[in-house]
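Below: one structure, written as structure tokens.
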Amino acid sequence: MARSWWGWGNVEDAVRGAELDALLARARALAPGELTGHEPPDVGSLGVPATRLAPPPSLAGLCSADPADRAAHAHGKAFRDVARNLLGDLPHAPDLVARPRDERDVADLLDWCSGDRVAVIPYGGGSSVVGGIEPRFADGRPAVTIDLTRLDRVLEVDPVSRAARIQAGVLGPHLEDQLRPHGLTLRHFPQSFEFSTLGGWLATRAGGHFATLNTHIDDLVESMRVVTPSGVAESRRLPGSGAGPSPDRLFLGSEGALGIITEAWMRLRERPRWRAKASVRFADYAAAVAATRAVAQSGLNPANCRLLDAAEALVNAGVAVDGGVLVLAFESADHPVRASLDRAVELCRDHGGEAPDEPADSDPASDRWRSSFLRMPYQRDALARHALIVETFETSCTWDGFDRLHRAVTAAARDAIRDVAGDGVVACRFTHVYPDGPAPYFTVYAPGRWGAMVAQWDGIKTAVSEAIAAHGGTITHHHAVGRDHRPWYDRQRPGPFGAALTAAKAALDPAGVLNPGVLVPAP
Ligand SMILES: Cc1cc2nc3c(=O)[nH]c(=O)nc-3n(C[C@H](O)[C@H](O)[C@H](O)COP(=O)(O)OP(=O)(O)OC[C@H]3O[C@@H](n4cnc5c(N)ncnc54)[C@H](O)[C@@H]3O)c2cc1C
């Protein structure tokens, strides 16, 4: 399999043939546009500028100045990244891509970069959707991208405490492959699972497939080991601790700006043996939201509790419904879960939900949604090649403010789509739900103009981000801050906390080389 340099995943898995024809037919109905196909440029023809850096001889063997390698590390995997790659617009490729073999190499690379004031971009799978791995700096300084994917091993398993010491550069499938012989699993499955790493999940506080309880990777961390320019920070393995502010919490979500995570002890579980799932249809969206809240507040803690609005249900689950579809699933390694599912369905029926009396082993609506979920990034790329804007944004808010936020954000998105593209669709689903609020996730489909799609998307994104901020939501529930969310993050976080974070950055990274401009202003 060959990795695509410009888009998602493997080249061989790209959408083509009958799948492409069917996708384009659906796209025409959603966002009527020209839909002319464009080929991605040949990476060799992009004229990536020559590197400005010569590594010390001791590190030269770890570093690649190959233009194609640098181009493939220049952008993350958001729509605006893919669109810029398709246009061959890569002004900020890293000067070098370094691939450390062990923690000593990581420390040596940091020493060199700190001494020479060279920017460092920690890089896992490169699936950032917020400009987090893009060497885009106001002062245009040279950059080394440190690709951590050679640190890819499970080093130790503690079956008694059910935990493992894992290197940070391991990609999702390889991590699970190494845990399987032990009968254990991390069970953290973000949509990007196949092409993202443990270190990336920790550095961005990624959200996995669990819709309740252990929603974020944070909940699965026992301890972390982080290499900073000021030394190695390793926390104790503890199931819980009240000894002051948590060191792990400082590095979770630090987005490569405070240090490079090299290892973590992660909490594991047994593979689930009991599963039950159902989808519940609603004629009214407000009733569907009320039912979802009832389930979220019931203490039943379903593994999946994703409310699809009517547009999302139609596009991605093939279900025509006026209000929405709630996809529910329970799983356990320890006990049957059918009773929990029955109780959740009962709560939904109290709010007018309709579900079959006997949930089957397979539920067509949730099965269709799941397979479409896994193909979505590939389909997004195929549509981008046909000048269609397909992108997502997400937030979370408390239940009491959801209705206002949802109305305001949807209206802002529709207005912005009309201004920049004429026609389009906004769909919403909940990715995670908490007792006190949901995490709504919006998808936009709009016809783009080839060459102008990035500016069109940026117009929509600015409008919806303003609406989210004005209605009390967070600028990101699980997609991180990166460079793209900084203006809103700066407004969201308390001022004294921002000052403390800047001081922590100065203590850990005195030369200010680690991912400059991410989380706090570049010095
Ligand atoms: C199609 C698609 C689906 C997605 N689905 C989800 C989802 O379901 N849930 C979710 O949370 N996110 C999702 N994302 C966003 C992205 O996958 C996550 O942010 C993921 O955690 C990034 O992991 P990565 O290994 O690719 O990190 P990268 O993209 O390489 O890096 C992300 C950030 O972390 C830093 N970083 C990476 N590794 C380290 C390290 N070892 N030490 C310190 N800093 C490091 C980088 O500098 C950067 O700031 C999705 C993205 C795409 C494109």
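Is there a quick way to get the dipole size of the chain? I mean about its Cα centre, with the Cβ of Lys and Arg at +1 and of Asp and Glu at -1; what is the value in debye to the nearest 20?
Dipole magnitude for the chain comes out near 380 debye.
Over all directions, average the projected area of the Cα convex hull of region 274-471 and note it in nm².
Directional mean of the projected Cα hull area for region 274-471 stands at 11.0 nm².
Restricting to bridges with both residues inside the chain, how much of the DSSP beta-bridge set is antiparallel, in percent to the nearest 5?
85
Among 429-436, 121-128, 141-148, 60-67, what's the highest-first ranking by average C-beta atoms within 10 angstrom per residue?
Put in order of decreasing packing, that is 121-128, 141-148, 429-436, 60-67.
Using only the Cα atoms of region 394-433, what do you get for the radius of gyration and for Dmax, in Å?
So, for region 394-433, Rg and Dmax equal 11.6, 33 Å respectively.
Across all directions of projection, what mean area in square nanometres is found for the Cα convex hull of region 364-523?
11.8
Could you point to the residue in 212, 226, 289 farthest towards the positive end of the chain's charge dipole, with +1 and -1 charges on the Cβ of Lys/Arg and Asp/Glu respectively?
226
Using Cα-only point scatterers and the Debye equation, what is log10 of I(q)/I(0) for region 3-111 at each q in 0.19 Å⁻¹, rounded to two decimals?
Relative scattering, expressed as log10 I(q)/I(0), comes to -1.04.
Taking a cut-off of 22 Å between Cα atoms, list the lysines near residue 461, but don't count ones fewer than 8 places away on the same chain.
By straight Cα distance, residue 461 reaches 77.
For Cα pairs less than 8 Å apart in space and 6+ apart in sequence, what is the mean separation divided by the residue count of region 274-471, i.e. the relative contact order in percent?
Rounded, it is 25 percent for region 274-471.
Could you work out the equivalent-ellipsoid semi-axes for the chain, taking the square root of 5 times each eigenvalue of the Cα gyration tensor, largest first, in whole Å?
Result for the chain: semi-axes of 36, 29, 22 Å.
Quick one: 3J(HN,Hα) in Hz for region 430-437, Karplus 6.51/-1.76/1.60 with θ = phi - 60°, rounded, Gly and Pro as x.
Running phi through 6.51 cos²θ - 1.76 cosθ + 1.60 with θ = phi - 60° gives 8, 8, 9, 9, 10, x, 9, x Hz.
Give or take rounding to whole Å, what are the principal axis extents of the alpha carbon atoms in region 271-330, in descending order?
35, 24, 11
Given the DSSP H assignment, sum -39500 (n - 2.57) over each helix run of at least 4 residues in the chain and divide by its residue total; what's the result at 222 nm in deg cm²/dmol, nearest 500?
Estimated from H runs of four or more residues: -10500 deg cm²/dmol.
At q = 0.14 Å⁻¹, what log₁₀ I(q)/I(0) does region 212-296 have when each alpha carbon counts as one equal point scatterer in the Debye sum?
For the requested q values the scattering log ratios are -0.69.
Using the count of nearby Cβ atoms within 10 Å as a rough guide to exposure, how do 351, 335, 471 rank from fewest to most?
Ascending number of Cβ neighbours within 10 Å: 335, 471, 351.
In Å and from the alpha-carbon atoms only, list the Rg and Dmax of region 155-201.
Both quantities, over Cα of region 155-201: 10.4, 30 Å.
With the dipole of the chain worked out from charges on the C-beta (+1 for Lys and Arg, -1 for Asp and Glu) around the Cα centre, which of 382, 151, 43 lies farthest toward the positive end?
Most positive-ward Cα: 151.
Sorted by mean Cβ packing within 10 Å, highest first, what order do the peptides 160-166, 36-42 take?
Sorting 160-166, 36-42 by mean packing, highest first, produces 160-166, 36-42.
Before anything else, pin down the relative contact order of the chain: Cα pairs under 8 Å, at least 6 apart, normalised by residue count, whole percent.
Relative contact order for the chain comes out at 17 percent.
Per Stokes-Einstein, at 25 °C and 0.890 mPa s, what whole-number D in µm² s⁻¹ belongs to region 1-67, with the Kirkwood radius over Cα pairs as the hydrodynamic radius?
In µm²/s, the coefficient is 154.
Since every read-out is calculated from the coordinates, none of them should be taken as a lab result. In this text, all values refer to a predicted model and were calculated from it rather than measured experimentally. Every residue, glycine among them, receives a Cβ derived from its backbone with ideal geometry; neighbour counts consider all protein chains shown.
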